[in-house]
Amino acid sequence: MQDGAESKEGHNEKDHHHEEHGHVHLHAGTGRNLAIAAGITFFIMLAEIVAGYLTNSLALLSDAGHMFVDVFSLMLSLFAFNYARKPATKNNTFGFYRIEILSALFNGFSLVILSFFILYEAWQRFFVVPEINTIPMIVVAIIGLLANIICGLVIMKDSEHNMNIKGAYLHIIGDALSSVGVIIAGIVMYFFGWYIADALISVLIALMILKGAWGLIKVSVSVLLESVPDGYDIVQISEQIKIVAKAKEVHHIHIWTIGSNLHALSCHIKVPDMKITESEELVLLVQEMLDKRYNIKHVTIQFECQECAEPAGKYKF
């Protein structure tokens, strides 16, 4: 009973409909929210570029640079989000969910480049400290902070379910913190005339951006390498499958992420010899358990009643 029942891809029509309904619910209004956030960020970015040039504030220009990357990030996220909705094809059987992961990875690298550019500019200002017009700097930074808060609220809910949007959300959070830093630097310079605070705040902004970028890159690479998702214990899940299926053994188990909040599992289950109809009932029980407990919807199971032969090739999984 080597092929026993490959769980019909671990899906039935009801499960597929439920999954599609979940994605439709997530997509409703999400594209509009991303577009609104991009529009607001774009206009504030223009204001900060002009104000940064007129006031000679690197911190404000750094924040404007961060916002420029934010606008690009939001537009890229919008493109990836819409493209990921395309139906699966015979050559792309899982659909295009990984486009969102690639977008998140690109966003992470763009943040790294931006942070190093800011650090370079700040380093130069430690040696030549310019005088800065602080009042316009503070006013524009406050406007930028309010805009960041609005944009963050617009896409916050969607970011909880989608890695691509989470990347854009992290950009906005970083921008909000940058604006706070610019305001603090402006106040320090206005009252104490300590203009080196502009460069110091710029360094803090760059390091903060770098930290967020590293986290985004790390998660994106983990998904692309098809690592076990964070929070999933493969040994514990194997034991749960073994209990539900009343199996002798569970092996060759793999758990990976297809796209944001969309996980897949495949495994071999060693069971006593049984009818195909009985194995189908076990598939449904395992499938239901994995869906409810671990939110794993794509499940492929191979039943066997004797030891599974190892692959003949060099690589064994």
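Which condition number in (1) in a loop (DSSP other than H, G, I, E, B); (2) within 30 Å of GLU304 (Cβ to Cβ) is the one that ASP230 fails?
(2)
Could you please find all residues in region 127-139 being assigned to a helix (DSSP H, G or I) and in contact with a Ser or Thr (Cβ under 8 Å, 6 or more places away or on another chain)?
Once the filter is applied, which keeps residues that are assigned to a helix (DSSP H, G or I) and in contact with a Ser or Thr (Cβ under 8 Å, 6 or more places away or on another chain), region 127-139 yields THR134, PRO136, MET137.
Here are the criteria: (1) in a helix (DSSP H, G or I); (2) in contact with a helix residue (DSSP H, G or I) (Cβ under 8 Å, 6 or more places away or on another chain). Tell me which single one GLN124 does not satisfy.
Unmet condition: (2).
Could you grab me the full set of residues in region 82-120 that are within 11 Å of GLY259 (Cα to Cα) and either of a type outside the set (Gly, Ala, Ser) or not assigned by TED's automatic domain parsing to the domain that holds SER178 (or both)?
PHE94, PHE96, TYR97, ARG98, ILE99, GLU100, ILE101, LEU102 - these are the residues of region 82-120 that are within 11 Å of GLY259 (Cα to Cα) and either of a type outside the set (Gly, Ala, Ser) or not assigned by TED's automatic domain parsing to the domain that holds SER178 (or both).
Restricting the first residue to region 284-303 and requiring it to be on the phi > 0 side of the Ramachandran plot, which pairs with a second residue that is surrounded by fewer than 16 Cβ atoms within 10 Å (Cβ to Cβ) and of a type in the set (Val, Ile, Thr) meet a Cβ separation below 6 Å and a spacing of at least six or different chains?
Once the first residue is on the phi > 0 side of the Ramachandran plot and sits in region 284-303, no partner that is surrounded by fewer than 16 Cβ atoms within 10 Å (Cβ to Cβ) and of a type in the set (Val, Ile, Thr) comes close enough.
Across region 193-227, what is the number of residues that are hydrophobic (A, V, I, L, M, F, W, C) and surrounded by fewer than 16 Cβ atoms within 10 Å (Cβ to Cβ)?
Residues in region 193-227 being hydrophobic (A, V, I, L, M, F, W, C) and surrounded by fewer than 16 Cβ atoms within 10 Å (Cβ to Cβ): 7 in total.
I'd like the residue in region 233-267 that is of a type in the set (Ser, Thr, Tyr) and not in a strand (DSSP E or B) and, out of all such residues, is modelled with the lowest pLDDT.
Per the criteria, the residue is SER260.
Report, by residue number, each residue of region 42-63 that is small (Gly, Ala, Ser) and modelled with pLDDT under 80.
SER57, ALA59, SER62 - these are the residues of region 42-63 that are small (Gly, Ala, Ser) and modelled with pLDDT under 80.
The values are calculated or read from the model by the stated rules, or taken from the named source; none is laboratory data. Values in this document were obtained by computation on a predicted structure and should not be read as measured data. Because the Cβ atoms are built from the backbone with ideal geometry, glycine has one as well, and the counts that use them run over all protein chains shown.
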